[in-house]
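Participant: Below you will find the structure I want to go over with you.
All of the numbers you see were taken from the coordinates with simple rules; none came from a lab. All values reported here derive from a predicted model rather than from experimental measurement. Cβ coordinates were reconstructed from backbone atoms using ideal geometry, including for glycine residues, and neighbour counts include every protein chain displayed.
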C-alpha cells in the first residue's frame with residue numbers, strides 16, 4: 001500500500017483540476033483505476049478505486065481505512081476512499 005500512496009499523493013498534490021482519473025500499475029495488485037474528485041476548497045478528496053481482479057478489490061477494501069489515513073497524512077487534507085467494481089470506475 002505504501003507504493004500506492006507514493007504514486008498517488010504527488011499526482012493529487014500537482015493537479016489543478018477538480019477531477020483526476022488515472023490508471024496505476026502496482027506490484028501484487030495489478031492495474032488499479034483511480035477516480036479522484038477534489039471536494040470544495042480544502043475539504044479534501046473523494047477517491048474511488050477499482051482493481052482489475054476480485055482479489056485486488058478485496059485487498060483494497062480490506063486496507064481502505066489505512067489508505068485513507070496514509071493519503072490524508074501525506075496530503076494534509078481529509079480523504080475518503082471507496083472501492084468500486086471495475087465498471088463503476090471510469091478513466092476518461
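Participant: Per the helix-only calculation at 222 nm, which mean residue ellipticity applies to the chain, given -39500 (n - 2.57) for every DSSP H run of n ≥ 4 and division by its residues, nearest 500 deg cm²/dmol? Mind dumping the intermediate values first?
Facilitator: On the way: 3 runs with 34 residues, N = 92.
Helix-only estimate at 222 nm: -11500 deg cm²/dmol.
Participant: Could you rank the peptides 48-57, 10-19 by their average count of other C-beta atoms within 10 Å per residue, with the highest value first?
Facilitator: Values: 48-57: 17.6, 10-19: 11.2.
For the peptides 48-57, 10-19, the packing ranking is 48-57, 10-19.
Participant: With a Förster radius of 30 Å, plug the Cβ-Cβ distance of residue 25 and residue 82 into 1/(1 + (r/R0)^6) and report the FRET value to the nearest 0.05.
Facilitator: On the way: r = 21 Å, r/R0 = 0.69.
Taking R0 as 30 Å, the efficiency between residue 25 and residue 82 is 0.90.
Participant: Considering the convex hull of the alpha carbon atoms of the chain, report its projected area averaged over all viewing directions, in nm², one decimal. Walk me through the numbers before you get to the answer.
Facilitator: Working: hull surface 20.9 nm².
Averaged projected hull area, Cα only: 5.2 nm².
Participant: Points 7 angstrom from Cα along the Cβ direction at residue 2 and residue 54: gap in nanometres?
Facilitator: Each label point is offset 7 Å from its Cα along the Cβ direction, giving 3.1 nm.
Participant: Of the candidates 65, 40, 76, which one comes out as most mobile in a Gaussian network treatment of the chain with C-alpha springs shorter than 10 Å?
Facilitator: Result: 40 has the largest fluctuation of those listed.
Participant: If you take every DSSP beta bridge whose two residues both sit in segment 2-83, what share of them, in percent to the nearest 5, is antiparallel?
Facilitator: Numbers: 15 of 20 bridges.
Rounded to the nearest five, the antiparallel share is 75 percent.
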